[in-house]
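The values are calculated or read from the model by the stated rules, or taken from the named source; none is laboratory data. These numbers come from a predicted model, not from an experiment. Here the Cβ positions follow ideal geometry from the backbone for every residue, glycine too, while neighbour counts run over all protein chains shown.
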Amino acid sequence: MSTRKPILVVDDSDDSRAAIELFIKKSIDYAEYRLDKFAGTCCGGGSDDDSNIFKIKAPTVFAPEGVFKGLDEVEK
């Protein structure tokens, strides 16, 4: 049985780059989701889109242990 990888949601921000570097430094195998490539669709929705109830800000991690939003929570 394979282990589920955490999903790291990122954009071009400094916090996202720091989260990526943290995952690499800690040798954490993850799947990367580029929020800026999916703006206006599904959960990525642009910040000006008030009709989208699924607002996600980068960096965010979806992992079997939970959801961690923002660089501070990702670092923990």
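Search the stretch 4-22 for residues being surrounded by fewer than 17 Cβ atoms within 10 Å (Cβ to Cβ) and either of a type in the set (Gly, Ala, Ser) or free of Cβ contacts under 8 Å to residues at least 12 places away in the same chain (or both), and hand back the single one that is nearest to LEU35 (Cα to Cα).
SER13
Hey, could you check the stretch 57-76 for residues that are surrounded by 11 or more Cβ atoms within 10 Å (Cβ to Cβ) and among the small types (Gly, Ala, Ser) and say which is nearest to THR3 (Cα to Cα)? So that I can check it myself, show each step before the final result.
Residues of the stretch 57-76 surrounded by 11 or more Cβ atoms within 10 Å (Cβ to Cβ): 57-63, 67-71, 73-75.
Next, only the ones that are among the small types (Gly, Ala, Ser) stay: 58, 63, 70.
On the way: ALA58: 24, ALA63: 11, GLY70: 24 Å.
The residue in question is ALA63.
How many residues are on the phi > 0 side of the Ramachandran plot, in a loop (DSSP other than H, G, I, E, B) and at pLDDT 80 or above if we restrict to the stretch 23-76?
Here the count works out to 1.
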